[in-house]
Every structure is written in structure tokens, then in C-alpha cells.
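Down below is the structure, laid out as C-alpha cells.
Read-outs: derived from the displayed coordinates by stated rules, not from any lab. Predicted model, so just to flag it, every value in this text is computed and none were measured. Because the Cβ atoms are built from the backbone with ideal geometry, glycine has one as well, and the counts that use them run over all protein chains shown.
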Amino acid sequence: MCSLFRTSSIGMGGQSFELAENPIFDGADRSFCFLLPETMPVDESLITPGKTVCVTGAGGYIASWIIKLLLERGYTVKGTVRNPDDPKNTHLRELEGAKERLILCKADLQDYDALKEAIDGCDGVFHTASPVTDDPEEMVEPAVNGAKFVINAAAETKVKRVVITSSIGAVYMDPNRDPEAVVDESCWSDLEFCKNTKNWYCYGKMVAEQAAWETAEEKGVDLVVLNPVLVLGPPLQPTINASLFHVLKYLTGSAKTYANLTQAYVDVRDVALAHVLVYEAPSASGRYLLAESALHRGEVVEILAKLFPEYPLPTKCKDEKNPRAKPYKFTNQKIKDLGLEFTSTKQSLYDTVKSLQEKGHLPPPPPPSTSQESSQNGIKIES
Ligand SMILES: NC(=O)c1ccc[n+]([C@@H]2O[C@H](COP(=O)([O-])OP(=O)(O)OC[C@H]3O[C@@H](n4cnc5c(N)ncnc54)[C@H](OP(=O)(O)O)[C@@H]3O)[C@@H](O)[C@H]2O)c1
């Protein structure tokens, strides 16, 4: 039986990110208060007040931001975690509204009954829980079973819509894709390629997404899928997840060089908002690619070095023989059409590092010597 743990401590720890006050925000007057676009039609039968939704993997990086946003919008949230008593989940209890409207349920992805109990009574489900590993045994079966179990439980308990967090890994891992082709929601990774290159994370995400679509069709469940690229931005949780490590390794000096690779990036707050947008918009359907910009690793370390010169960022590419890899082309128009405005990756990198400093994952910045301003690439930096 699933034990329900109503959160017990109060706190107004919900961070708010007022970008207009942020020194590197590009000048537009936009605050990060999660206002939904005014013009967006919403399905009144799905939304607040008083509606209950389930978020799986509640303590995770992306899920924590989704829960923060849902609580701010008045939803009651049933969040699944593997261990409600683990201190890594305490940040959830400090979110505004958590005391009254957040219920933590113990559930593993391989435990159908526990998932069903968490999902029972909910209008919607946000399924974000997934192993994030390249170990095939830890990755594939839990990811696939989790996706199937969530859809089956949603069908049995008459959930109105399920939103699943898939990945760019299920979209663009195809060695035969024309490098000039624009990656969009119609693209699927090549499973054989993922298997042959032992990319078990992408393999697992792809087969889990496929299983979700098949089960949803069979059971008549309304499913929407999001495919984020590498996610950056300030964490709410106290621990470091895999995508934050991508940036941290450059700042701590553990990566002495950067790879000759490109990658696309998106902010965690935009990813959370996209989940709510596709849940609430009646017209939302199919897959949504979530990507702001594609950058070479060299560009990422250059941005970081300009913003945070105090850290030992690598200056050399591991591969100095070949020309710089070119970023792939993509479109993010589908989610923009639902009203999402993307945070710039530069802003996202800045906010990530500031947050990692505040949480003690990085040494604090040196004390400000003078009040001076410099201008780099049109971005105003104050120190
Ligand atoms: N971050 C990215 O760059 C990125 C990009 C694209 C897609 N995604 C997808 O977004 C989702 C969330 O990722 P994230 O970055 O937020 O990762 P995260 O912080 O590592 O969160 C993953 C969550 O999944 C839970 N989980 C893992 N295995 C589980 C299992 N067997 N049973 C129950 N729960 C389990 C974890 O619970 P515990 O706390 O109990 O371990 C954790 O809460 C994942 O589906 C991931 O594939 C992430």
C-alpha cells in the first residue's frame, strides 16, 4: 500500500528569479513569475482551483520546478519519491503552498500498485521520473516499465491527460540524418545506433517513449510528450544531477579540456512551464521539442569564462586536429506557438553558476573590489 506523507514543515523558500534585476539579463522587462500567456486557451476541466495532479520523481531537478509552478497555480500535487524521508527531498516541503497542497507518495517505477495509488484521484499526471544512467540494466527496464505502468494506471483511474518528459535522446541520435536538416518533432533516434554505441540512456528514453505512445493508443489515454535538450538553470534541490554536472565540471577544474562537440540547451524554468502549458492547452498534442540554442562546448566555456573569470575554465579543445563540430539545426516553433518564450542560454548559465555558488557547490565569488561596469558582447556586467 502506498503511504501518503503530507508535508510537515512550513517555509516560504520558493525562490523567485526577477530577471529584470539580474545584471546580465538582456534588458527586456520580464520576470520569472510563471505567468501563462494571456491569450492561451486553457481547458477549464483540467485546471485549478482544487484540481489534483500527480508528478512522478518529485524530488528531481525538473520535477521540483514543475511542482513549484503547479503549487503557485493552486493545484494540489501528489508527488512520488522513492524515499520521502531522504533529506534530498526536503526542499519540496519548503515550497510555497506545500504545507497545504503537497502530498508525497512512496513509489518506485517498477511498482505498479504504488504508482496507481499515487495517480488515483488525479486529473493529470506529469511523468518525469526516469533513471539517468548509461548502465543498461538500471536504465532500460525501469524506464520502459515506468512509462507503461503510468499510462496503464492513468487509464484505470480515468486521468484526463498524461504529460511525459522524454528527451532529445529519443529524437536526434541518427548518424544518417542530413547535417543540414532541421531537427523537429518528427525525428526519431536510430535505436540500432544507440545500441551499437552503448548509449543506453538515449536507447532507454527512446524505447520508453515508444512504449508510452503504444500503450496510450491501446488504452485511449490522452498523452503529450516533451523532448528537452540538455537542461540548465538554478536547481531547487540540494543535490547535483547529471545535466548540472555538465557545467560544474568546467568550473571546478576537473575538466582540463573541452570536447569537440556541440549540444543544445534549455532552461529548467522554461521546461517546467512547458509542462504546464501542454497540460492546460486543449490543443496540445504529440511531441514538443524544448531547445533554446545549440552551442559548441568551446562557446559554453567562453561564455562562462567571461562571466566568471575566477574559475579555472579550460581554454583548449581536446581535439585540435579537426575543425570545430557544427551545431545541428532545430526548430522550437511548436512550443513557442503555445506561448513559451525561451530564456537565453547565457542567462541560464549565469543563473546556474550563481545558484551553485549559493548552494555551496562552488566557492563563492571574490568580494567586489569596486563598483565598476564593463560591457561584453552587449551584455552589461556589474561587479
Ligand atoms: N536534465 C536534463 O538535461 C534532461 C534532458 C532531457 C530529458 N530529461 C528527462 O527529464 C526527467 C527528469 O530528469 P532530471 O534532470 O530532473 O533528473 P533527476 O534530477 O536525476 O531526477 C530523476 C528522478 O527520477 C527518479 N527515479 C529514477 N529512477 C527511479 C525509479 N526506478 N523509480 C522511481 N523514481 C526514479 C529519481 O528519484 P530518486 O530521487 O529517488 O533517485 C529522481 O527524482 C528524466 O525523465 C530525464 O530523462 C532530463
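What the table below lists for this structure:
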quantity	calculated
The range 54-205: translational diffusion in µm²/s, Stokes-Einstein, Kirkwood Rh over Cα pairs, 37 °C, 0.692 mPa s	199
Sorted by Cβ density within 10 Å, fewest first, the residues Ser186, Ser348	Ser186, Ser348
Within the range 106-145, backbone nitrogen closer than 17 Å to the virtual label 7 Å beyond the Cα of Leu261 toward Cβ	132-136
Residues Tyr258, Tyr112, sorted so that the one with the fewest Cβ neighbours within 10 Å comes first	Tyr112, Tyr258
Paramagnetic reach from Glu100 in the range 264-300 [backbone N under 17 Å; point 7 Å along Cα→Cβ]	none
Note, ³J(HN,Hα) from phi for the range 75-92, Karplus 6.51, -1.76, 1.60, rounded to Hz, x at Gly and Pro	6, 8, 10, 9, x, 8, 9, 7, 9, x, 8, 5, x, 5, 9, 5, 4, 5
Label-point separation in nm, Leu191 to Phe245, each point 7 Å along Cα→Cβ	2.7
Global geometry of the range 266-357, whether rounded, prolate or oblate, following the gyration tensor of its Cα atoms and the 1.5 cut on a/c	oblate
For the range 207-258: rounded, prolate or oblate by the Cα gyration tensor [a/c cutoff 1.5]	prolate
Semi-axis lengths (Å, descending) of the ellipsoid that matches the C-alpha gyration tensor of the range 251-299	32, 12, 7
3J(HN,Hα) from dihedral phi, the range 227-243, Karplus parametrisation 6.51/-1.76/1.60, rounded to Hz, x for glycine, proline	10, x, 7, 5, 9, 10, x, x, x, 8, 7, x, 9, 9, 9, 4, 6
Cross-link pairs Lys195/Lys321; Lys249/Lys354; Lys326/Lys346; Lys329/Lys354; Lys68/Lys249 - those with Cα-Cα distance over 21 Å	Lys195/Lys321; Lys329/Lys354; Lys68/Lys249
The range 194-285: relative contact order as a whole-number percent, Cα under 8 Å and 6+ apart	32
